[in-house]
Each structure stands twice: as C-alpha cells, then as structure tokens.
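S.K.: Take a look at the following structure, please.
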Amino acid sequence: MALPSSVAIIGGGPAGLLAAQRLAEAGYRVTVYEAQATVGRKFLVAGHGGFNLTNAEDATSFSARYGQQQGIFQEFLRHFSPHELREWAASLGIHTFVGTSNRVFPLAVHKPADLLRAWLSRLQELGVRLRTRHRWLGFVGATSLLVRDETTDQELEISSDATVLALGGASWAKTGSDGNWVSAFEAVGVKCVPFAPSNCGAEVAWSAFFQTKVGRMPLKNIALHCGTEWVRGEVMLTEYGLEGTPVYALTPALRAALSAGTPALLHLDLKPDLSDEQLLTKLQKPRAGRSLPDFLRQQLRLGAPVPTLLREVAPPEATATPPALAQLLRRVPLPIQGLRPLDEAISSAGGVAWPELNKHLMLRRRPGTFVAGEMLDWEAPTGGYLLQGCFSTGAWAAQGVAQWLRK
Ligand SMILES: Cc1cc2nc3c(=O)[nH]c(=O)nc-3n(C[C@H](O)[C@H](O)[C@H](O)COP(=O)(O)OP(=O)(O)OC[C@H]3O[C@@H](n4cnc5c(N)ncnc54)[C@H](O)[C@@H]3O)c2cc1C
C-alpha cells in the first residue's frame, strides 16, 4: 500500500500547529520544522497578560475586525469559528469563559503552558514529527525547501508533497517571529507588503516635567478618538506616550494619518458617560475657592493625573470657564509623533501580499505551498482576533492542502 502523502509545516506557532493537527487527523504524514528550540513561544508570551484566545461577539462584527480583509476572513471564520476554537481547547482539557468585552479566556486554573503541553501531546499521538532548531532558509527548485539543522549546522534539502509556511509576523523577534523570511519570498518573486507595527503604543513628546511627575499612570473609563473612529477603555500614560487597548485598536488609523504626513491627533474624552449638557451642568457648580484639581476630583471624580495632563496639552484659557473646560474634557488633544517600534508591537501589519495567493492560501507561483497565520498581510485589534485569525487561516490552509493533494 502506498504511503500517505507528506506535508512539511514550517513554523511552530498556532497557525502552523493547527494546520499540522488538521492534516495529521486527515491521515497525512506531517513534520513541523521550527527554528527555535521550542515551539509556540509567541503563543506563550500571549498568555502573560491574560490569555485572550478568541472573542464571543457575533459573526458579522467579528469579521469586521479584519478591516479590508473582512470578506475573506468571513470565510476563514466560518471554516474554523470562534466556537470551534473553544471546542478545540476543551478537547485538550482547557475550558474557557467569556469575560469583559466578550473576550474568551481559559479558566484561571489553566495556564497557557498547560494548553501548549496538552496540544503537543495530542500532536505526538497523531504521529506529527517535530524538528526544532530547524530553520527554513528558502525555496529550492519548484517544490523543495532548504532547511538548516542548527544542532549540527547542516543544510538539508527537504521534499514533501505539500508545504504550509506559518512563519509569523515581525514583532517580538525574541520569540522567533523575526520576519526574516521575507527575503526568501522575494527571491522567488513573491511580493510582500512591508511590515509595520500594529497594536502598539503611540509616542507623545511629553515635557520633562510631565514625564517626571506622571511616569506611568492609568486613565480609566475614557474614550479615545482618531478622526471618525473611537474606542472605549483604559489607557496608560507612559514616559514616551500612551499604551492600552484603545490606542492599539486605533493604530491602523494612526498609521494612515502619520504616513499621509498630516499630524496624527488623538482626542481623549475623559467623561464619555456624561452628555455635553450633564458635563457642563457639573462644571457650572460654584468652585467656592477650590483649586482646579480639587474641583475636578470632587465634581467629576477626575483625580491625578488629569490636572497635570490638562496643563501639559492645553493653554490656561482652556480651563478658565465652564464651557471651555467642558470642551477640553471632551476632547483633550494628544499630538502623536509616531508609533512604538515594530519589535515592541503585539502584532504586525504587512506580510505576504494577497494577490500572491489563491483562495486556498496557496502561493500562485509555487503550487503546493500554502501560507497561514500572521505572516499574511492582515491586521486586527487585540481581543482574541489575532489568535483566532491565526487558527482559522491555519485550518483553512490545511483544508487547501488536503484538497490539492486529493487532486
Ligand atoms: C505580548 C503579546 C501578547 C499577545 N496576546 C494575544 C492575545 O491575548 N490574544 C490574541 O489573540 N493574540 C495575542 N497575541 C498575538 C499572537 O500571539 C500572534 O498573533 C500569534 O502567535 C501568531 O501566530 P502565528 O502562528 O502566525 O505565528 P507565531 O506564533 O509568530 O509563530 C511563528 C513560528 O515560526 C517560527 N519561524 C519563524 N521563522 C522561521 C524559519 N525561518 N524557520 C523555521 N521556523 C521559523 C518562529 O520561531 C515561530 O515559532 C499576542 C502577542 C504578543 C507579542
């Protein structure tokens, strides 16, 4: 009897490992090649600040999170949905719950490492072979791959019936997602959109006084606006600018404004739950000799660092009258100088350009070679959309491989 077809998966992140699982379950011989000594390093990093696996919002809103790529992601998400992702985690003994903003987390008893461990033992049961410290160097001929075994420093030419490349984006290089694969793609004519930071902090040129006085302080229950887009949540003022979910969600809009050469201006609404009228009414109460910080604290529960922030970004006349102050609290201007460096970003925009791929995520120039995960040119906000996107494209690419091999 003929051996089942072989599939090489390059990159042991969530996209690659899910593709490996799906293909092994379908009966293929699967080998995963991973450059690092262990797989899933970025997956484990993702677990540090609250392991947000996916999101429980409805399908239409969910796919809209992928911006320009929402049409194609609708199909990926139908193929491997947020619900299926939760069931998959449960099949590994990791149960999940829906937290605030519909974010889906594993129960507190389950650590990210538990999930990875259970997953790797499932892959082992399925016969998936894992080759760590094996770095993919590029394509050879029409179908083969060049890989360096970094334990022996030997270069190997690998031939398989199909390949899935899931090499990750270009942030947090220390996890292995260094984006260095781009040159090998470009060497065979595959176009890649340059990487840019996504879900990252924004830089503000605070004065030395502000940096010393405020350092790192949160502003809770705010709304952050960039042009017509706005996001509710909490931001952290830092020595270099701003961090936090609303800033991350606005990075595409900020990037667009910055690249157009126009000043990128964020506006902070410090009291988004009050109507303009309610805000003005509260500010029209007599100050009775109270200082601005005392008045803001007592009337609006706006304590530190708000008075220092207002002094930093607005002239004294902006706080002189109740109407002016109301307007300022509604739209505190934050001039953004730039985004934080790519390596610090939670994810990256850019990667393999969509026209290079067919609808099965197969490279048009290299039949039999599929691409999945963050190395594709898409971005999405934090909130579980990143991992879900990686899992769904991994499952979709695996399906494409199976169809292609059947043909
Ligand atoms: C701090 C932080 C927190 C995050 N939190 C969340 C969260 O809560 N929820 C969420 O949805 N997402 C989160 N993410 C994002 C998420 O971790 C990534 O989007 C996801 O891991 C990308 O999966 P991937 O499989 O595409 O790539 P990766 O996980 O980056 O895996 C790619 C793999 O390919 C390997 N590789 C690269 N080049 C080569 C090569 N030449 N040869 C062989 N192997 C190679 C790498 O070593 C790596 O193991 C977070 C990310 C960070 C940095």
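The values are calculated or read from the model by the stated rules, or taken from the named source; none is laboratory data. Worth saying up front: this structure is predicted, and the values here are computed from it rather than measured. Don't worry about glycine lacking a Cβ; one is built from the backbone with ideal geometry, like all the others, and counts go over all protein chains shown. When the accessible area is computed, the model is the full protein with side chains, heavy atoms only, and any ligands, DNA or RNA have been set aside. Shrake-Rupley method; radii C 1.70, N 1.55, O 1.52, S 1.80 Å.
S.K.: Looking only at the stretch 38-70, filter to residues that are closer than 16 Å to Glu379 by Cβ and of a type in the set (Lys, Arg); which one of those is farthest from the ligand (Cβ to nearest atom)?
M.R.: Taking the candidates together, the pick is Arg65.
S.K.: A follow-up question, please. For the stretch 170-191, name all the residues that are open to solvent by 20 Å² or more (accessible area, probe 1.4 Å) and within 24 Å of Pro252 (Cβ to Cβ).
M.R.: We begin by selecting, within the stretch 170-191, every residue open to solvent by 20 Å² or more (accessible area, probe 1.4 Å); these are 172-174, 176, 178, 180, 182-183, 186-189, 191.
Residues satisfying the conditions are Trp172, Ala173, Asp178, Val182, Lys191.
S.K.: Read through the list (1) surrounded by fewer than 16 Cβ atoms within 10 Å (Cβ to Cβ); (2) among the small types (Gly, Ala, Ser); (3) more than 14 Å from the ligand (Cβ to nearest atom); (4) at pLDDT 95 or above, then give the number of the only condition that Gly241 fails.
M.R.: (1)
S.K.: Which fully enclosed strands (runs of 3 or more DSSP E) of the stretch 323-392 have 2 or more residues being open to solvent by 10 Å² or more (accessible area, probe 1.4 Å)? Show your work before the answer.
M.R.: Values: elements: 332-336, 347-352, 369-371.
In the stretch 323-392, the matching strands (runs of 3 or more DSSP E) lie at 332-336.
S.K.: Moving on. Output the number of residues of the stretch 265-297 satisfying the condition of being exposed (fewer than 13 other Cβ atoms within 10 Å of the Cβ) and not in a loop (DSSP other than H, G, I, E, B).
M.R.: 3
S.K.: Residue by residue through the stretch 358-391, note down the ones that are over 18 Å from the mean Cα position of the chain (by Cα) and closer than 20 Å to Leu23 by Cα.
M.R.: First pass over the stretch 358-391, keeping only residues over 18 Å from the mean Cα position of the chain (by Cα): 358-370.
Across the stretch 358-391, the qualifying residues are Asn358, Lys359, His360, Leu361, Met362, Leu363, Arg366, Pro367, Gly368, Thr369, Phe370.
S.K.: Report the residue count in the stretch 5-32 for those that are farther than 16 Å from Ser121 by Cα and touching a Gly at 6+ places or on another chain (Cβ under 8 Å).
M.R.: Counting residues in the stretch 5-32 that are farther than 16 Å from Ser121 by Cα and touching a Gly at 6+ places or on another chain (Cβ under 8 Å) gives 5.
S.K.: Then there's this: Within the stretch 298-316, track down each residue that is open to solvent by 70 Å² or more (accessible area, probe 1.4 Å) and closer than 17 Å to Leu280 by Cβ. Walk me through it before giving the result.
M.R.: Initial filter on the stretch 298-316 (open to solvent by 70 Å² or more (accessible area, probe 1.4 Å)): 298, 301, 304, 311, 316.
Matches in the stretch 298-316: Gln298, Arg301.
S.K.: Could you list all residues from the stretch 244-257 that are open to solvent by less than 50 Å² (accessible area, probe 1.4 Å) and part of a helix (DSSP H, G or I)? Don't jump to the end; show me each part of the working.
M.R.: Within the stretch 244-257, the subset open to solvent by less than 50 Å² (accessible area, probe 1.4 Å) is 244, 246-251, 253-254, 257.
Pro246, Val247, Tyr248, Ala249, Thr251, Ala253, Leu254, Ala257 - these are the residues of the stretch 244-257 that are open to solvent by less than 50 Å² (accessible area, probe 1.4 Å) and part of a helix (DSSP H, G or I).
S.K.: Only one residue in Gly12, Gly27 is open to solvent by less than 60 Å² (accessible area, probe 1.4 Å), away from the ligand (no atom under 16 Å from the Cβ) and either farther than 24 Å from Arg148 by Cα or touching an Asp or Glu at 6+ places or on another chain (Cβ under 6 Å) (or both), so which one is that? Lay out the reasoning, then the answer.
M.R.: On the way: Gly12 fails: away from the ligand (no atom under 16 Å from the Cβ).
None of the others qualify; the one that does is Gly27.
S.K.: Going by the structure shown, is Val104 part of a loop (DSSP other than H, G, I, E, B) and more than 30 Å from Glu150 (Cβ to Cβ)?
M.R.: Working: part of a loop (DSSP other than H, G, I, E, B): no; more than 30 Å from Glu150 (Cβ to Cβ): yes.
No; evaluated as a whole, the condition is false for this residue.
S.K.: Here is a list: Val104, Val98. Which entry is touching a Ser or Thr at 6+ places or on another chain (Cβ under 8 Å), under 30 Å from Glu243 (Cα atoms), of a type in the set (Val, Ile, Thr) and within 15 Å of the ligand (Cβ to nearest atom)? Steps first, please.
M.R.: Details: Val98 fails: touching a Ser or Thr at 6+ places or on another chain (Cβ under 8 Å).
Answer to the check: Val104.
S.K.: Does the stretch 141-162 hold any residues that are more than 14 Å from the ligand (Cβ to nearest atom) and more than 19 Å from Val401 (Cα to Cα), and which are they? Lay out the reasoning, then the answer.
M.R.: Going residue by residue through the stretch 141-162, those that are more than 14 Å from the ligand (Cβ to nearest atom) are 141-144, 152-154, 157, 159-162.
If the condition is that a residue be more than 14 Å from the ligand (Cβ to nearest atom) and more than 19 Å from Val401 (Cα to Cα), then Gly141, Thr152, Asp153, Gln154, Glu157 are the ones that fit.
S.K.: Could you identify the single residue in Thr100, Thr96, Thr60 that is polar (S, T, N, Q) and in contact with a helix residue (DSSP H, G or I) (Cβ under 7 Å, 6 or more places away or on another chain)? Working first, answer last.
M.R.: On the way: Thr100 fails: in contact with a helix residue (DSSP H, G or I) (Cβ under 7 Å, 6 or more places away or on another chain); Thr60 fails: in contact with a helix residue (DSSP H, G or I) (Cβ under 7 Å, 6 or more places away or on another chain).
Within the list Thr100, Thr96, Thr60, the selection yields Thr96.
S.K.: Which residues, counting only those in the stretch 298-318, are in a helix (DSSP H, G or I) and of a type in the set (D, E, K, R)?
M.R.: Going residue by residue through the stretch 298-318, those that are in a helix (DSSP H, G or I) are 298-300, 306-313, 316-318.
Scanning the stretch 298-318 gives Arg311, Glu312, Glu317.
S.K.: Give the residues of the stretch 131-150 that are surrounded by 14 or more Cβ atoms within 10 Å (Cβ to Cβ) and modelled with pLDDT under 95, sorted by residue number.
M.R.: Thr143
S.K.: Also, quick follow-up: Could you tell me whether the stretch 108-126 includes any residue that is assigned to a strand (DSSP E or B), open to solvent by less than 70 Å² (accessible area, probe 1.4 Å) and more than 9 Å from the ligand (Cβ to nearest atom)? Give the derivation first.
M.R.: Within the stretch 108-126, the subset assigned to a strand (DSSP E or B) is none.
There is no residue in the stretch 108-126 that is assigned to a strand (DSSP E or B), open to solvent by less than 70 Å² (accessible area, probe 1.4 Å) and more than 9 Å from the ligand (Cβ to nearest atom).
S.K.: With Ala19, Ala56 as the choices, which residue is without any contact (Cβ under 8 Å) to a residue 60 or more places away in the chain, touching a strand residue (DSSP E or B) at 6+ places or on another chain (Cβ under 8 Å) and either open to solvent by less than 50 Å² (accessible area, probe 1.4 Å) or of a type outside the set (D, E, K, R) (or both)? Can you show your working first?
M.R.: Values: Ala19 fails: without any contact (Cβ under 8 Å) to a residue 60 or more places away in the chain.
Going through Ala19, Ala56 in turn, just one is without any contact (Cβ under 8 Å) to a residue 60 or more places away in the chain, touching a strand residue (DSSP E or B) at 6+ places or on another chain (Cβ under 8 Å) and either open to solvent by less than 50 Å² (accessible area, probe 1.4 Å) or of a type outside the set (D, E, K, R) (or both): Ala56.
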